[in-house]
Amino acid sequence: MLANLLEGKPLADRIKLEIKAKVEGLSKPPVLASIQVGENAGADVYVKSQRKVSESLGIEYRHEKMAQSTTEEELISLIKKLNTDNSVNGIIIQMPLPAHIDYKKVSNYVASDKDVEGMHPENIGKIIFGKAKVLPCTAAAVMELLNVTGLDLYGKEVVIVGHSEIVGKPLALMLLDKFATVTVCHIGTSKAGKLDEHVRKAEVLIVAVGRAGLIKGEWVKDGAVVIDVGINRVGDKIVGDVEFDEAAKRASWITPVPGGVGPLTVTMLMRNLVEAAKYRDTF
Ligand code: NDP
């Protein structure tokens with residue numbers, strides 16, 4: 001069997017049409033405020049892509065670039081200003097930040113109703129109650145891709161590899177809400193030599209680690225759905241965490257890397273922004 005490709009772009013294009021229609025229904029174009037501190041080529045790429053997607057959806061993108069020497073206090077003061085600026089609907093802090101700035105500390109100052117990354121403790125907490133209006137973007141992208149497969153998650157063995165705050169942990173909660181049986185593997189699982197044992201039983205396998213070839217293709221269960229979140233540069237190629245060719249012989253669905261989760265992540269950010277804007281629009 002050769003797996004169906006679970007591509008992100010066609011799905012992202014479909015969701016963007018829905019977002020555009022919602023933007024057109026708002027009383028004024030929503031505004032996404034972006035903050036970048038210092039020079040960083042990676043952040044420049046994200047900003048360029050976010051600006052392009054925003055503009056294509058009728059969203060105003062306001063970028064504030066601060067000097068490398070900006071202090072935590074100065075950054076927090078800008079966040080507070082944007083929190084009280086009624087023309088701003090969402091705030092995103094570009095990563096990476098300079099080493100002297102603690103992301104967790106400063107990001108907690110973003111108002112929970114302007115948190116388009118879905119990472120404010122209040123929004124994360126709402127996932128537990130199944131009441132979240134905004135979801136962490138990458139985890140939300142994975143849920144959208146799973147939806148495309150048409151698989152009913154009820155009672156399915158889902159194995160997540162990686163327990164980061166932006167992917168593995170929120171996903172585990174979101175999948176529990178669908179009554180999947182969720183196993184979360186991490187560095188401790190690997191060190192105990194038990195990673196393959198868990199992966200082999202996965203009917204749905206989600207991997208978000210950042211280590212090329214960590215998941216051997218032969219571990220993948222026949223008919224499994226495989227979502228590879230990992231992004232790794234190997235020579236001049238970008239690859240995921242799963243050995244793609246071997247896994248694709250066994251899986252029923254598999255995401256390509258690049259082209260799977262990646263194209264959806266920024267779309268989820270825009271969806272969160274429109275949800276935040278809709279909420280404000282009702283006042
Ligand atoms: P983190 O580094 O925050 O998390 C990686 C996770 O993998 C941690 O839970 C870590 O455990 C675990 N881990 C590390 N080594 C092993 C191992 N040998 N076996 C099992 N688990 C291990 O990364 P992120 O979650 O931010 O990102 C993960 C990957 O996804 C990266 O490649 C990143 O580039 C990509 N990514 C892709 C996105 C997209 O849009 N496609 C968006 C976001 C991320 P511990 O912390 O205990 O060591």
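The values are calculated or read from the model by the stated rules, or taken from the named source; none is laboratory data. The structure displayed is predicted, hence computed values, not measured ones. Every residue, glycine among them, receives a Cβ derived from its backbone with ideal geometry; neighbour counts consider all protein chains shown. Accessible surface is based on the protein model in full, side chains and every heavy atom, while ligands, DNA and RNA are left aside. Shrake-Rupley method; radii C 1.70, N 1.55, O 1.52, S 1.80 Å.
So, in segment 150-167, how many residues would count as being within 18 Å of K201 (Cα to Cα) and near the ligand (Cβ under 7 Å from one of its atoms)? Please lay out each step first, then the result.
So the first thing to find is which residues in segment 150-167 are within 18 Å of K201 (Cα to Cα), and the list is 151-162.
Filter once more, keeping what is near the ligand (Cβ under 7 Å from one of its atoms): 161-162.
Number satisfying all stated conditions: 2.
When K105, K20, K114 are checked against the criterion of being open to solvent by less than 10 Å² (accessible area, probe 1.4 Å) and among the basic types (K, R), a single residue qualifies: K114. Here A251 meets the list (1) over 22 Å from the mean Cα position of the chain (by Cα); (2) surrounded by fewer than 19 Cβ atoms within 10 Å (Cβ to Cβ); (3) at pLDDT 95 or above almost entirely, failing just condition (2).
Condition check: in contact with a helix residue (DSSP H, G or I) (Cβ under 6 Å, 6 or more places away or on another chain), open to solvent by less than 60 Å² (accessible area, probe 1.4 Å) and more than 17 Å from H120 (Cβ to Cβ). Does V47 satisfy that? I'd like the intermediate steps shown before the answer.
Working: in contact with a helix residue (DSSP H, G or I) (Cβ under 6 Å, 6 or more places away or on another chain): no; open to solvent by less than 60 Å² (accessible area, probe 1.4 Å): yes; more than 17 Å from H120 (Cβ to Cβ): yes.
So V47 fails the test.
Total residues in segment 180-206 satisfying the condition of being away from the ligand (no atom under 12 Å from the Cβ) and in a loop (DSSP other than H, G, I, E, B): the figure is 4.
If the condition is being under 24 Å from S112 (Cα atoms), over 11 Å from the mean Cα position of the chain (by Cα), touching a residue at least 12 places away in the same chain (Cβ under 8 Å) and assigned to a helix (DSSP H, G or I), then segment 145-179 contributes K169, A172, L173, M174, L175. Of all residues in segment 223-242, one or more are within 16 Å of the ligand (Cβ to nearest atom), open to solvent by 10 Å² or more (accessible area, probe 1.4 Å), basic (K, R) and within 30 Å of S56 (Cβ to Cβ).
On the stretch given as segment 128-149, residues that are within 13 Å of the ligand (Cβ to nearest atom) and open to solvent by 30 Å² or more (accessible area, probe 1.4 Å) total 1. For segment 166-185, the condition holds for at least one residue, the condition being that it is open to solvent by 40 Å² or more (accessible area, probe 1.4 Å), closer than 21 Å to A276 by Cα and not hydroxyl-bearing (S, T, Y). Does I92 count as over 30 Å from K65 (Cα atoms), hydrophobic (A, V, I, L, M, F, W, C), open to solvent by less than 30 Å² (accessible area, probe 1.4 Å) and outside any helix (DSSP H, G or I)? Judged against the criteria, I92 is not a match.
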